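*Asks:* Okay, handing you the structure first.
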Amino acid sequence: MKKLDKKLVATTALAGSILVGAQAPAVHADSVATTDTDTTQTVKAQATTVQDAQQDVKDAQAEKDQATSEAKQTQNNLDKAQAEKDQAQANVDQKEKVAEEAQKAKDEATPEKIAETEKAVNDQKDAVAEAEKTQGDKQTTLDQKNQTVDQAKNDVNGAQDQVDQAQADVNTADHAVKDAQAVVDGTHADEIRQNAKNTADQVVKDKQAVQDALSTNAKAQQDMLNAKDAQASAQETADAKQATADKTQSALDKANQDVKDAQGKVDTINDKLNSINHITLPANYGELTKSNKKIQEGYNLNHFKHSKADQAVKINPYKLTDEQQKELTLWVADLLNPLHEQLGYKHKNVVTADSLKYAKIIADNAWDKYDHDEAAIKKAEDAIGGVHHDSEALGALGIGWLGFDSSKTEYTLDQIKEAIWNNIMGMIFDDATSGWGHAAQLLGTTHVSFADDNAPSYFGFAIDQYSGLHFENYSINRADTSKVYTSSENEETLRQELATATQDLTAKQGVASDAKTANDQAQSELQDAKNTLNTATQDLTTKQATANKTQQALSDASDKLAKDQEAAQKAQALLDQLNQDLPTKLANLQKAKDNLATKQTVLTEAQNNLAAKQEVLKQAQAEATQASADLASAKQAVSDAKQKLTDLQTKLANLQNADANLDQAKAELAQAQKDLEVAEANLATAQTANGQAQAVLQDKQAKLKAAQDNLDKLKDQEAIEQALKEAEQKAKEAQQKQAEKNTYYQVAGKVFNAKGELVNGVTVKDGHVYNQKGELIGTVAKEVATRTAQQAINKQIPQLSDDSNDMSATGAVLVALGGVLGMFGLTTKRRRN
């Protein structure tokens, strides 16, 4: 009997409205009130400054570019939709043709027609066999004809050789007749004698040349043999060095592989150590939970560590294997148990075969609501024989996972662990909305509230088909006799393994270093041996070439000696004939003529034989050509017969399967027509979208043109205004320059012009004279420039006094004026040139 009937049904605040894997409520058009969107667009006022107009152009250009991109995309979509529609139409046309043929076959598929076609198939098989036999006969005939041609070619070549030899014999006999005639006539006697001497002398020289060639060749051949021995020795040395180097290289490769394996083991252990996740509670965790706010310090202290090994493992979280469920459960337990210790609790989460079964049954039978399924929990309790107290915390894979896709079924183990981590972090540090109920379960507080702190809290974890995460804890009043599971690799064990693996790596690195030293030495010696071998091989090649040349020179010298000896013998025989008596000479001449006649007869017979052989060859080639044509025709007949057989067999199959073929053809035609309808609808949609995009583009182009026109207009106005300002400035400067040329005098507070005339309504400031409009009209001179002006001013001074009795003022003016006059030298009559 359970101590607490009511379960902890808190739900994590992180879940919020995110119910991953659950179906969102459907929105139906007939039950949702809609409000028309106000499509009225505010027309932007036209810019009145160049800067604003430039911004308008920039904005319009961006909108136009965006519209161009969208129009291009919709055009591409339209082109694609058109192509798909055309393909669908072509497919319909083809399927209609197939359906028509299938219907035709169905109409023809009578028992009589089928029997008739079966007979035609059998007859055609016989025709194919007969055609193949004819082809074989034609091939045999062609082979025989080709053999006859080859024999005829050999006969022609032999006859040609006989003709060539007979012609050479005729030429020799003819030359002998001419020599015998010359002996009888006594002509060229001196030439014959000299030729006999010359040829005899040449033989002597040739014999010496042969002796020299023999000597040179003997030395070259010996040098070649010596080089061959040296090369063989170098090859033997190189082979030995190669064998040694192969062994040292093999040893080095093995040592390097051992280092690589050892390094891999160290890296794997380091990865495991570096990927061990821990959760640390802030020192004032209890106080922080009272604020009912997210405990950011917890998030700052803890960060998920990824594992390369887990990243290489693919799993389906909705169909976890028993081993995968066990691994994830132990991983979660290892995260939570240290937190119990941090809070001073003695109990730990214990994972057993029953606790795994308990969590799996709940997950396998969980409903599709993001809430606690009492029926599933009850089924799990019954399966393990009941519980004393239990608690459940629910999470979801998608919590804190922006890239989660509920439609996917394959993730890495690392991704799933991170998703579980995100849920645990939320339950421990952001559970205020659930009254920190999830945190109480995971941290062990719930357990000590309903069970002895020394009693184990059995723990199981599983994932349901809706991506819900089930963290299940329970206690029992009896012993759990099922198998207890613990993590095979804890941090301390891993550190011990790392120390051992590191020592092994260091030892293997030492072996590899020694192997490298030995291999470097062996490779160096091998390279030296190869260099020696290359040098010996090059020397052998050179001396072999020299020996070949000297052998050829000896052969050439021997051939020349034999030829010259033959010439000397002929020359000596001719000289001997020259020394004979006349009857003998005449007899020799007749003998030479008779021999020439015989040789000519032999040549004629050989030529006639050659002509006959050539005619036989010609006939054989013609027959072979005809046999080849006959074979080609026979092959074509076989091909035609086989094609006809295939057509008949296809026809028979169509007749025999007419009903099924017609049904299939109709089904394929119907599907093709549906595909065409879809393609036509897609095309219409694409046309509409493209039309709208093109309209938008035209509108944006018009707005861009208007903005550009306005900018151009403002730039023109600005240019005109600038030109006016520059003109006014120039006029002002010209006026100022002219004003500076106008001289005024100021006497007794009055202003006089250059003629000494009184000027009223002007103002003097900083030596400049301004009219009533404030315009500069001249400058005040320090001295009067002309006597005429001075006299005019002097006449007006007494009249300008406001008080005739004010002599002091007048006197002061006269004194001042006297000073001025003195400066100009006007108080005397002295003239200055």
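The values are calculated or read from the model by the stated rules, or taken from the named source; none is laboratory data. Source: prediction; values computed, not measured. Note: ideal-geometry Cβ built from the backbone for every residue, glycine included; neighbour counts use all protein chains shown. The accessibility values were calculated without ligands, DNA or RNA, using every heavy atom of the protein model including side chains. Shrake-Rupley method; radii C 1.70, N 1.55, O 1.52, S 1.80 Å.
*Asks:* Roughly how many nanometres apart are two label points built 7 Å out from the Cα toward the Cβ at residue 736 and residue 311?
*Replies:* About 7.4 nm, to one decimal.
*Asks:* Using Cα pairs under 8 angstrom and six or more residues apart, how large is the relative contact order of the stretch 271-334, in percent?
*Replies:* Details: 25 pairs, mean separation 25.3, N = 64.
Dividing the mean separation by the residue count of the stretch 271-334 yields 40 percent.
*Asks:* Here's another thing I want to ask about it. Counting Lys and Arg as +1 and Asp and Glu as -1, each charge on the Cβ, what is the dipole of the chain about the Cα centre in debye, to the nearest 20?
*Replies:* On the way: 95 positive and 126 negative charges, 971 e Å.
It comes to approximately 4660 debye.
*Asks:* Here is a further query. Need one number: nm distance between label points at residue 292 and residue 341, each 7 Å from Cα along Cα→Cβ, rounded to one decimal.
*Replies:* 3.5 nm
*Asks:* Another question, if that's okay. When the accessible area of the stretch 350-401 is split by element with a 1.4 Å probe, what percent falls to carbon and sulfur? Please report the intermediate quantities before stating the final value.
*Replies:* On the way: 950 of 1800 Å².
Answer for the stretch 350-401: carbon and sulfur cover 53 percent of the accessible area.
*Asks:* Only Lys, Arg, Asp and Glu count, each charged at its Cβ (+1, +1, -1, -1), so figure out the dipole size of the stretch 136-209 about its Cα centre, rounded to 20 debye. Provide the component values of the computation, followed by the final result.
*Replies:* Numbers: 8 positive and 14 negative charges, 41 e Å.
Result for the stretch 136-209 is approximately 200 debye, rounded to the nearest 20.
*Asks:* Let me ask you something else. Considering only the other residues whose Cβ falls under 13 Å of the Cβ of residue 263, what net charge follows from Lys and Arg at +1 and Asp and Glu at -1?
*Replies:* Combined, the nearby Lys, Arg, Asp and Glu give -2.
*Asks:* While we're on this one: Note the full-extension length gain between residue 242 and residue 364 as 0.36 nm times their separation in residues minus their Cα-Cα distance, in nm to one decimal.
*Replies:* Details: separation 122, 0.36 × 122 = 43.92 nm, distance 6.65 nm.
That pair, residue 242 and residue 364, stretches by 37.3 nm at full extension.
*Asks:* Something else about it: So what's the angle, to the nearest 10 degrees on a 0 to 90 scale, between helix 582-656 and the longest Cα principal axis of the chain?
*Replies:* 50 degrees
*Asks:* Quick one: compute the contact order of the stretch 179-314, relative version, from alpha carbon pairs under 8 angstrom and 6+ residues apart, as a percent. Numbers along the way, then the final one.
*Replies:* Numbers: 28 pairs, mean separation 24.5, N = 136.
Averaging sequence separation for qualifying contacts and normalising by length gives 18 percent for the stretch 179-314.
*Asks:* Here's another thing I want to ask about it. Along the charge dipole of the stretch 220-350, which of 280, 330, 268 sits closest to the positive end, that is, farthest toward it, with unit charges on the beta carbon of Lys, Arg, Asp and Glu (+1, +1, -1, -1)?
*Replies:* 280
*Asks:* P(r) for the stretch 545-671, please, calculated from all Cα pair distances in 5 Å bins and given in %.
*Replies:* Computed distribution, short to long bins: 2, 7, 5, 6, 6, 6, 6, 6, 6, 6, 5, 4, 4, 4, 3, 3, 4, 4, 3, 3, 2, 2, 1, 0, 0.
*Asks:* Of the accessible area of the stretch 95-147, with the probe set at 1.4 angstrom, what percent is carbon plus sulfur?
*Replies:* Details: 1660 of 3560 Å².
Summing carbon and sulfur atoms, their accessible area is 46 percent of the total for the stretch 95-147.
*Asks:* While we're here: When a/c reaches 1.5 or more, the comparison of a/b and b/c decides; with that in mind, is the stretch 609-752 rounded, prolate or oblate per its Cα gyration tensor?
*Replies:* Details: a/c = 19.33, a/b = 2.50, b/c = 7.72.
Since a/c reaches 1.5 but b/c is at least a/b, the shape of the stretch 609-752 is classed as oblate.
*Asks:* Here is a further query. Under a cut-off of 15 Å between alpha-carbon atoms, report the aspartates and glutamates in cross-link reach of residue 732, not counting same-chain residues fewer than 8 places apart.
*Replies:* Result set, ordered by chain and number: 740, 775.
*Asks:* Please compute the per residue accessible area over the chain with all protein chains in place, 1.4 Å probe, rounded to a whole number of Å².
*Replies:* Working: 50630 Å² over 833 residues.
Ligands and nucleic acids excluded, the result is 61 Å² per residue.
*Asks:* Rounded, prolate or oblate: which fits the stretch 341-404, taking a ≥ b ≥ c as square roots of the Cα gyration tensor eigenvalues, rounded meaning a/c under 1.5, else prolate when a/b beats b/c? Write out the running numbers ahead of the final one.
*Replies:* Numbers: a/c = 2.09, a/b = 1.09, b/c = 1.91.
It is oblate, given that a/c is not under 1.5 and a/b is not larger than b/c.
*Asks:* As an exercise, use a Förster radius of 25 Å and the Cβ-Cβ distance of residue 670 and residue 72 to find the FRET efficiency, rounded to the nearest 0.05. Numbers along the way, then the final one.
*Replies:* Numbers: r = 36 Å, r/R0 = 1.46.
Calculated value: 0.10.
*Asks:* I'd like the orientation of helix 807-824 relative to the chain: the angle between its Cα long axis and the longest Cα principal axis, in ° from 0 to 90, rounded to 10.
*Replies:* It works out to around 30 degrees.
*Asks:* Right, next: What shape does the stretch 234-354 have by the C-alpha gyration tensor, where a ≥ b ≥ c are the square roots of the eigenvalues, rounded means a/c under 1.5, and otherwise prolate means a/b greater than b/c and oblate the rest?
*Replies:* Numbers: a/c = 4.02, a/b = 2.80, b/c = 1.44.
In terms of gyration-tensor shape, prolate.
*Asks:* Can I ask one more? What do the square roots of 5 times the Cα gyration tensor eigenvalues come to for the stretch 693-803, in whole Å, largest first, as semi-axes of the equivalent ellipsoid? List each step's numbers first, then the result.
*Replies:* On the way: eigenvalues 711, 33, 12 Å².
Over the Cα atoms of the stretch 693-803, the ellipsoid semi-axes are 60, 13, 8 Å.
*Asks:* Same structure, new question: At 1.4 Å probe size, what's the solvent-accessible area of residue 586? Round to the nearest 10 Å².
*Replies:* Residue 586 exposes around 80 Å² with every protein chain in place.
*Asks:* Going Cα to Cα from residue 293, which aspartates and glutamates come in below 19 Å? Please leave out same-chain ones fewer than 8 positions away.
*Replies:* Cross-link targets: 430, 431.
*Asks:* Below 8 Å between Cα atoms, with a sequence gap of 6+, how large is the relative contact order for the chain in percent?
*Replies:* Details: 883 pairs, mean separation 241.0, N = 833.
RCO, the chain: 29 percent.
*Asks:* Could I ask something else about it? Magnitude of the Cβ-charge dipole of the stretch 207-335, K/R +1 and D/E -1, about the Cα centre, nearest 20 debye? If you can, show how the numbers build up before the last one.
*Replies:* On the way: 17 positive and 18 negative charges, 94 e Å.
Charge dipole of the stretch 207-335: 460 debye, to the nearest 20.
*Asks:* With n ≥ 4 as the cut-off for DSSP H runs, can you work out [θ] at 222 nm for the chain, using -39500 (n - 2.57) per run divided by the number of residues, rounded to the nearest 500?
*Replies:* Numbers: 17 runs with 582 residues, N = 833.
About -25500 deg cm²/dmol.
*Asks:* How charged is the neighbourhood of residue 90? Take every other residue with its Cβ under 12 Å from the Cβ of residue 90, and add Lys/Arg as +1 and Asp/Glu as -1. Numbers along the way, then the final one.
*Replies:* Numbers: positive: 85, 95, 97; negative: 84, 86, 93, 96, 675.
In short, -2.
*Asks:* So, one more: If only Cα atoms are counted, what is the Rg of the stretch 701-765, and what is its Dmax, in Å?
*Replies:* Calculated on Cα positions, Rg and Dmax stand at 23.4, 75 Å.
*Asks:* What's the angle, to the nearest 10 degrees (0 to 90), between helix 50-108's Cα axis and the longest principal axis of the chain?
*Replies:* 40 degrees
*Asks:* Now for a different question. Of 344, 367, 558, which is farthest towards the positive pole of the chain's charge dipole, taken about the Cα centre with +1 and -1 on the beta-carbons of Lys, Arg and Asp, Glu respectively?
*Replies:* 344
*Asks:* Given the stretch 191-274 reduced to its alpha-carbon atoms as identical point scatterers, what log10 I(q)/I(0) does the Debye formula return at q = 0.13, 0.17, 0.19 Å⁻¹?
*Replies:* -0.75, -0.88, -0.93
*Asks:* Additional query: Measuring from label point to label point, each 7 Å out along Cα→Cβ, what is the residue 716 to residue 625 span in nm?
*Replies:* 8.8 nm
*Asks:* Follow-up question, since we're still on this one. Please report Rg (one decimal) and Dmax (integer) in Å for the Cα set of the stretch 383-481.
*Replies:* 15.2, 44
*Asks:* If we count GluC sites (Glu not before Pro) as exposed when they sit in a DSSP loop and have at most 16 other beta carbons within 10 Å, what is the longest stretch of the chain that avoids them all? List each step's numbers first, then the result.
*Replies:* Numbers: sites that count: 410, 489, 757, 775, 783.
Between the exposed loop sites, the longest stretch runs 1-409.
*Asks:* Karplus couplings for the stretch 258-266 from phi (6.51 cos²θ - 1.76 cosθ + 1.60, θ = phi - 60°), rounded to Hz, Gly and Pro as x?
*Replies:* 4, 5, 4, 5, 5, 5, x, 5, 4
*Asks:* Can you pull the Rg over Rh of the chain, Cα-only, Kirkwood? Don't skip to the end; give the middle numbers.
*Replies:* Working: Rg = 61.2 Å, Rh = 46.7 Å.
For the chain, the value is 1.31.
*Asks:* Which whole-Hz ³J(HN,Hα) couplings does the stretch 745-751 yield from phi under the Karplus relation 6.51 cos²θ - 1.76 cosθ + 1.60, θ = phi - 60°, glycine and proline marked x?
*Replies:* Values, residue by residue: 10, 10, 10, 6, x, 10, 10 Hz.
*Asks:* Right, something else. If you take the charge dipole of the chain about its Cα centre, with +1 on Lys and Arg Cβ and -1 on Asp and Glu Cβ, which of 300, 772, 54 is farthest toward its positive end?
*Replies:* Working it through, the farthest residue towards the positive pole turns out to be 772.
*Asks:* What does the charge count around residue 294 come to, taking other residues whose C-beta lies under 15 Å from its C-beta (Lys +1, Arg +1, Asp -1, Glu -1)? List each step's numbers first, then the result.
*Replies:* Details: positive: 290, 293; negative: 287, 297, 430, 431.
Summing Lys and Arg as +1 and Asp and Glu as -1 gives -2.
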